[in-house]
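One structure is given below, encoded as structure tokens.
Each value in this text was obtained by applying a stated rule to the coordinates, not by laboratory testing. What you see is a predicted model, and the numbers here were worked out from it, not measured in a lab. Positions of Cβ are generated from backbone atoms using ideal geometry, with glycine treated the same way; all protein chains shown enter the neighbour counts.
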Amino acid sequence: MVEHRYRRPAMLEMEEAEQIEGDIDPADIGLIAHETAGAIVAQAREAGDPKLVEKLIRLVDEEGIDTVAMMWSKAGAHTLPGALWRIYMLREWVQHDADAVARSYHHGVRAANVRHAIAGVEDPPGPKEVKTLADSVLSGVFSGDLAVALERAGAFCRVVATGAAFEAESDDGHADERAHQTTLRAAQLLRTGEDLERCAAMFREGRLD
């Protein structure tokens, strides 16, 4: 396995979260994003402190999604900061809309059973279980196998996307506006899942930074 060492320097709906703008000079965003992401992941892994990991899991709860967005929301999808942003945004969405997320996940399990196994959500997948999964994924980012954590997040997105697509099809012709919004969400989740899975592969190849 490739050894990865990051350099250390001297509810919102998912759609709404993506629109948050930071006030940092655009010329500095890329550098700041990569340096902060690499430093946070490296320090958490080197420290091996469960309290630090728990603090990082609760980062958005304490600092707000806009703080995380300012650091990482403009990073490329297939970068470490881009992956961190997507996982934090996913956790924020789950925390604020756990019932709806769990419902979509439940609907998606049968059609995406392999992804369900990878995601690792406990059965039956209710609001508590999807919240636990979101925290578990973030814990894995900072203290476990990062590639596995990214794969779990990606698989979770794919299962929820599958369920959302099923819900949109069920609403079609009955609640067209809701069906349209749900279809958009399914597409976004699928894209996010694909991005996270690609990041996992890049990490294993030593190319995720």
Which residues in the stretch 71-100 place their backbone N less than 18 Å from a point set 7 Å from the Cα of GLN181 along the Cα-to-Cβ direction? 93-100
I'd like the per residue volume of the convex hull spanned by the Cα atoms of the stretch 36-183, given in cubic angstrom. 115
Say each of HIS96 and ARG207 gets a label point 7 Å from the Cα, pointing the same way as Cα to Cβ; how far apart are those two points in nm? 3.4
Protection-proxy order for peptides 36-49, 81-94, each taking the mean of Cβ atoms within 10 Å per residue, highest first: 81-94, 36-49
Taking the Cα centre of the stretch 101-203 as origin and charging only Cβ (+1 Lys, Arg; -1 Asp, Glu), how large is the dipole, in debye to the nearest 20? 160
